[in-house]
Amino acid sequence: MISIAIHGGAGVISRATMTEENERAYRADLERALDAGYAVLEGGGTSLDATAAAVRILEDSPLFNAGLGAVFSHAGINELDAAIMDGATLKAGAVAGVRHVRNPIDLARMVMDRTSHVLLTGEGAEEFALAQGVKLVPGSYFYTERRWKQLEDARRNDKLASADEDIGFFSTVGAVARDRQGNLAAATSTGGMTNKRWGRIGDSPIIGAGTYADNASCAVSATGSGEYFMRAVVAHEICARVRLTGAGAADAARDVVQVMLKEIGGDGGVIVVDRNGELSMEFNTEGMFRAARDSRGRREVAIY
Ligand code: ASP
């Protein structure tokens with residue numbers, strides 16, 4: 001079975017706080033990303049290419065906290081993080097704190113494919129991007145009025161805020177997929193948290209925390225309060241439980257998100273694909289922007 005799931009963040013999202021027009025816009029972008037990723041799988045492409053294709057579309061949407069729609073740091077700068085992992089080889093690539101890269105997920109893939117490293121940060125990552133022929137964009141590319149207002153609010157209240165604090169929402173993006181060869185992949189991209197300081201990096205680009213893939217168990221991409229996901233090493237924890245205890249991926253995800261993560265105060269969710277291509281989407285918040293599609297005919301987009 002080929003399958004793909006994507007997310008665009010989790011949080012306190014209720015029908016009361018979401019206008020119809022907003023909801024339509026979110027659903028449309030999720031569908032586009034889902035179908036683009038699925039088309040890669042259907043054409044015989046790899047799960048790595050499928051997850052990157054889906055994430056790239058969400059990075060180019062102003063709605064999500066990744067790429068174009070990234071949140072601002074305390075200093076009024078957009079610092080982007082992304083990671084991708086290949087379940088067949090356990091190879092991984094990630095970038096953190098990049099400021100001029102339109103599609104950080106593609107740069108993460110280059111780190112995986114073209115270097116012997118896993119994680120590059122800041123200026124070094126951008127030097128690498130230039131050496132690879134990536135055209136850098138000016139910082140102003142990432143300016144959106146909505147994110148700037150969110151920063152002003154967060155600064156006023158002196159707090160680290162999820163992307164859409166007004167509705168209590170994390171809107172990092174991610175994808176997991178299984179291709180025809182049975183290979184799994186996971187990809188995640190984010191602007192982090194509004195008002196973050198001092199070079200703060202969250203779970204998304206940390207292999208094992210917000211992103212993990214292993215053909216022997218499952219592939220996971222997370223969204224939520226990154227510090228907690230790092231402390232619980234959520235993505236790897238789910239995969240390890242599947243591999244070591246024989247638990248089903250959906251059960252492992254439920255347990256980690258609803259019990260382990262909650263116990264330390266973490267909010268958010270994960271999308272998971274197991275070895276057979278079964279998808280699960282688990283969150284301990286009111287909602288999670290999510291979508292899933294597989295070759296058995298499942299195709300759904302959901303928010304609440
Ligand atoms: N997990 C991300 C971070 O902490 C935030 C998010 O999911 O929106 O950087």
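The values are calculated or read from the model by the stated rules, or taken from the named source; none is laboratory data. Quick caveat: nothing in here was measured; it's all calculated off a predicted structure. When we count neighbours, we look across all protein chains shown, and the Cβ atoms used for this are built from the backbone with ideal geometry, even at glycine.
Based on what the data block shows, is Thr115 out of contact with any Asp or Glu (no Cβ under 8 Å at 6 or more places or on another chain), under 10 Å from Pro205 (Cβ atoms) and not hydrophobic (A, V, I, L, M, F, W, C)? It is false that Thr115 is out of contact with any Asp or Glu (no Cβ under 8 Å at 6 or more places or on another chain), under 10 Å from Pro205 (Cβ atoms) and not hydrophobic (A, V, I, L, M, F, W, C). From the list Leu63, Leu30, exactly one residue is aliphatic (A, V, I, L, M), within 24 Å of Thr144 (Cα to Cα) and at pLDDT below 95. Which is it? Just a single option satisfies the conditions, and that option is Leu63. Cβ-Cβ contacts under 9 Å between residues 6 or more apart (or on different chains), taken from a first residue in the stretch 132-144 that is under 15 Å from Asp60 (Cα atoms) to a second residue that is among the polar types (S, T, N, Q), are listed as Gly139/Asn78; Tyr141/Asn78; Phe142/Asn78; Tyr143/Asn78. Note on the stretch 92-137: residues that are touching a Pro at 6+ places or on another chain (Cβ under 8 Å), surrounded by fewer than 23 Cβ atoms within 10 Å (Cβ to Cβ) and aliphatic (A, V, I, L, M) total 1. Whenever a residue of the stretch 191-210 is in contact (Cβ under 8 Å) with a residue 60 or more places away in the chain, its partners that are within 9 Å of the ligand (Cβ to nearest atom) and of a type in the set (Ser, Thr, Tyr), lying with C-beta atoms within less than 7 angstrom and at least six residues away or across chains, give the pairs Met193/Ser162; Gly202/Thr190; Ser204/Thr172; Ser204/Thr188; Ser204/Thr190; Gly210/Thr188; Gly210/Ser204.
For Thr245, indicate whether it is free of Cβ contacts under 8 Å to residues at least 60 places away in the same chain, more than 18 Å from Gly11 (Cα to Cα) and polar (S, T, N, Q). Yes; evaluated as a whole, the condition is true for this residue. Taking each residue of the stretch 216-233 that is within 16 Å of Gly191 (Cα to Cα) and among the aliphatic types (A, V, I, L, M) and looking for partners that are within 13 Å of the ligand (Cβ to nearest atom) and part of a helix (DSSP H, G or I) with beta-carbon atoms closer than 7 Å, six or more apart or interchain, yields Ala222/Phe229; Ala222/Val234; Ala222/Ala235. The residue pairs whose first member lies in the stretch 52-65 and is touching a residue at least 40 places away in the same chain (Cβ under 8 Å) and of a type outside the set (Phe, Trp, Tyr), whose second member is in a loop (DSSP other than H, G, I, E, B) and more than 16 Å from the ligand (Cβ to nearest atom), and whose beta carbons are closer than 9 Å, counting only pairs six or more residues apart or on different chains, are Ala52/Asn103; Val55/Asn103; Arg56/Asn103; Glu59/Arg102; Glu59/Asn103; Asp60/Arg102; Asp60/Asn103.
Those helices (runs of 4 or more DSSP H) of the stretch 128-247 in which 2 or more residues are touching a strand residue (DSSP E or B) at 6+ places or on another chain (Cβ under 6 Å), more than 13 Å from the ligand (Cβ to nearest atom) and among the hydrophobic types (A, V, I, L, M, F, W, C) occupy 145-156, 234-245. The number of residues in the stretch 69-97 that are among the aliphatic types (A, V, I, L, M) and either part of a loop (DSSP other than H, G, I, E, B) or more than 14 Å from the chain's Cα centre (by Cα) (or both) comes to 7.
Checking each residue in the stretch 45-68 for being touching an Asp or Glu at 6+ places or on another chain (Cβ under 8 Å), part of a loop (DSSP other than H, G, I, E, B) and away from the ligand (no atom under 13 Å from the Cβ) picks out Gly45, Thr46, Ser61. The set of residues in the stretch 248-271 being over 21 Å from the mean Cα position of the chain (by Cα) and within 18 Å of Gly87 (Cα to Cα) consists of Gly248 alone. Of all residues in the stretch 178-237, those satisfying the criterion of being charged (D, E, K, R) and over 12 Å from the mean Cα position of the chain (by Cα) are Arg178, Asp179, Arg180, Lys196, Arg197, Arg200, Asp214, Glu227, Arg231, Glu237.
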